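To start, the structure under review is shown below, and the notes come after it.
The values are calculated or read from the model by the stated rules, or taken from the named source; none is laboratory data. Remember, it's a predicted structure, so these values are computed and weren't measured experimentally. Methodologically, a virtual Cβ is constructed for each residue, glycine included, from the backbone with ideal geometry; neighbour enumeration extends over all protein chains shown. Heavy atoms of the whole protein, side chains included, go into the accessibility calculation; ligands, DNA and RNA do not. Shrake-Rupley method; radii C 1.70, N 1.55, O 1.52, S 1.80 Å.
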Protein chains: 6
Amino acid sequence: MPTIMVDGPPIDVERKRRLVKKLTDVAVEVYGIPHIVVLIRENPPENVGVEGQLIADRKKPV
Amino acid sequence: MPTIMVDGPPIDVERKRRLVKKLTDVAVEVYGIPHIVVLIRENPPENVGVEGQLIADRKKPV
Amino acid sequence: MPTIMVDGPPIDVERKRRLVKKLTDVAVEVYGIPHIVVLIRENPPENVGVEGQLIADRKKPV
Amino acid sequence: MPTIMVDGPPIDVERKRRLVKKLTDVAVEVYGIPHIVVLIRENPPENVGVEGQLIADRKKPV
Amino acid sequence: MPTIMVDGPPIDVERKRRLVKKLTDVAVEVYGIPHIVVLIRENPPENVGVEGQLIADRKKPV
Amino acid sequence: MPTIMVDGPPIDVERKRRLVKKLTDVAVEVYGIPHIVVLIRENPPENVGVEGQLIADRKKPV
């Protein structure tokens, strides 16, 4: 029962649908197990820091 | 200092209270340690995928 | 498909069996969903810090 | 900087390589961000419970 | 590429900025690796339980 | 009761001690709460992928 947690920026439902479908396809293929759970976590840019700086304070996404 | 993270659908505060109380009782009994932290994460149905499909797109909860 | 992750000290398989059974019973009762996944993470005492000190350096477990 | 955590059974390094490559391709495509981190967690069957039962106690993987 | 996830109460953006900066400095110093990602998770007091009780039900923060 | 989870490469116990002490100091200062738990997760280089490639397959750490 592999579980995939994805932390990324907010995305719309159509992208979530695609993300879940494709990540699941990969996991099913690699693990050979059909029961895959995917949890999408949407992080506002002020809650993520990269190399010491908030995403919200950066010029471009990373 | 065992820590329990629970990812589930949104629930009301009375259920959270019961969830925290009961999960803690179990952990105290099994680990023999009284200091238990429980974190409840509420995931909207469009952020969870089961077997490649968003919960939001399913007919019944899983 | 609620998922429960438990971070605690190493335990034997009999305790794991009991932990999984009882945590699942609680989650099924509170969420009303039968499909519960539990992941047990065993953390050596040198990998856990409480109030700034490694568990491995403490006199008694917390 | 999306981060993907995958909890599954132990797998060999060739499967890990494929898993990282393919999950990253999906995330890059959906998020449009090239900097993806993947963490693979390998869980022994006695540390995972599905519907109240340890994987180690089941007849077939789930 | 160390990743730090912090679960705490909600805080304002100035504290997030300081948290990310300082946690990153520590990780860079200890690991000797400059590429650190920090994820801040803000948990409402009704989603956190300590010793069996919701933070929301306590008199003072813990 | 803030909780900090750190995913990084394996490190020796002296570095873990320093990591726990310093991360806790930062969290106490920012949150104003003394009860901080730190969990250190050590990831072998074949279990971490950066931009689609296993750390184990890279020339230098990232």
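Within the range B:1-52, the set of residues being farther than 28 Å from C:E46 by Cα and part of a helix (DSSP H, G or I) comprises B:V13, B:E14, B:R15, B:K16, B:R17, B:R18, B:L19, B:K21, B:K22, B:P45, B:E46, B:N47. Tell me, which residue of the range D:40-55 that is acidic (D, E) and open to solvent by less than 70 Å² (accessible area, probe 1.4 Å) is farthest from the other protein chains (Cβ to nearest Cβ)? The extreme case among them is D:E42.
Based on this model, can you work out whether B:I11 counts as β-branched (V, I, T) and in contact with a strand residue (DSSP E or B) (Cβ under 6 Å, 6 or more places away or on another chain)? Spelling it out, it is not the case that B:I11 is β-branched (V, I, T) and in contact with a strand residue (DSSP E or B) (Cβ under 6 Å, 6 or more places away or on another chain).
The residues listed here are D:E29, D:E42; of these, the one that is more than 26 Å from F:P9 (Cα to Cα) and at pLDDT 95 or above is D:E29. Touching a residue at least 12 places away in the same chain (Cβ under 8 Å) and in contact with a Ser or Thr (Cβ under 8 Å, 6 or more places away or on another chain): does that describe F:V20? Here the answer is no, as F:V20 does not meet what is asked. Out of (1) within 12 Å of chain B (Cβ to nearest Cβ); (2) at pLDDT below 95, the odd one out for A:R58 is which? If we test A:R58 against (1) within 12 Å of chain B (Cβ to nearest Cβ); (2) at pLDDT below 95, just (1) comes out false. The residue of the range B:8-39 that is nearest to the chain's Cα centre (by Cα), among those that are more than 10 Å from chain E (Cβ to nearest Cβ) and open to solvent by less than 10 Å² (accessible area, probe 1.4 Å), is B:G8.
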